[in-house]
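Novice: I have a structure I would like to understand better, so I am pasting it below and will then ask my questions one at a time.
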Amino acid sequence: MNFYKIWLRNISVFFLICSSFVSFAVVAQVDTFQFDKAENQERFRNLSNELRCPMCQNTSLSGSSGGVAEDLRREIYLMIKEGQTDREIKDFMFERYGDFIFYKPRLTVGTIFLWVGPAFFLLIGGCVGFSVFRSAQSLTLKNKTLTDSDQNKIESLLTREEQNLKIKGKTS
């Protein structure tokens with residue numbers, strides 16, 4: 001009985017510790033930036049959603065709590081306050097971080113394969129599938145037609161088999 005009480009106490013302490021870590025994540029600091037115009041607030045929100053955090057795998061700047069994302073959100077805030085356009089902000093981010101910063105990479109010589117590649121592979125796969133289908137279909141049609149010699153062989157085999165069955169039937 002004592003063993004179960006100790007075990008239950010240890011499990012309770014474990015869950016208490018785990019829940020405290022979760023609560024710290026919920027209370028994490030959130031960036032709040034004040035803008036003069038609602039339009040600038042909307043621009044900030046759109047840019048934060050369009051740009052990817054360079055430190056995180058696949059999280060936007062607005063969804064990341066990493067230090068790099070916080071710095072970049074602050075940078076976007078300051079650039080908007082200075083009156084820079086969205087294009088200027090995106091160009092600045094591109095110069096610093098390359099195409100990775102964008103969820104939708106720009107169409108350049110380096111990224112043309114990203115845009116055209118899936119359609120290219122789909123086209124090649126379709127051509128290969130079509131050629132396999134046609135060759136299988138032609139083999140099926142080729143095998144359906146019997147020559148006269150093939151027909152004669154089949155008839156002679158059937159006749160021989162019928163004779164063997166008659167002989168077996170008489171002997172039994």
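The values are calculated or read from the model by the stated rules, or taken from the named source; none is laboratory data. Computed from a predicted model, the values in this text were never measured in an experiment. Virtual Cβ from ideal backbone geometry, glycine too; neighbours counted across all protein chains shown.
Novice: Which of the following residues is among the small types (Gly, Ala, Ser), outside the structural domain of residue 37 (by TED's automatic domain parsing) and under 25 Å from the mean Cα position of the chain (by Cα): 63, 129?
Specialist: Working: 63 fails: outside the structural domain of residue 37 (by TED's automatic domain parsing).
Answer to the selection: 129.
Novice: Give the residues of region 110-142 that are of a type in the set (Val, Ile, Thr) and surrounded by 10 or more Cβ atoms within 10 Å (Cβ to Cβ), sorted by residue number.
Specialist: As a first pass, look at region 110-142 and keep what is of a type in the set (Val, Ile, Thr): 111-112, 116, 124, 128, 132, 140.
Residues satisfying the conditions are 111, 112, 116, 124, 128, 132.
Novice: So, one more: Right, residue 149: surrounded by 10 or more Cβ atoms within 10 Å (Cβ to Cβ) and either among the β-branched types (Val, Ile, Thr) or out of contact with any helix residue (DSSP H, G or I) (no Cβ under 9 Å at 6 or more places or on another chain) (or both) or not? Reasoning before the result, please.
Specialist: Working: surrounded by 10 or more Cβ atoms within 10 Å (Cβ to Cβ): no; either among the β-branched types (Val, Ile, Thr) or out of contact with any helix residue (DSSP H, G or I) (no Cβ under 9 Å at 6 or more places or on another chain) (or both): yes.
Criteria not met by residue 149.
Listed here are the residues, each with its yes/no results for (1) in contact with a Pro (Cβ under 7 Å, 6 or more places away or on another chain); (2) at pLDDT below 85; (3) of a type in the set (S, T, N, Q).
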site	(1), (2), (3)
10	no, yes, yes
38	no, no, no
56	no, yes, no
69	no, no, no
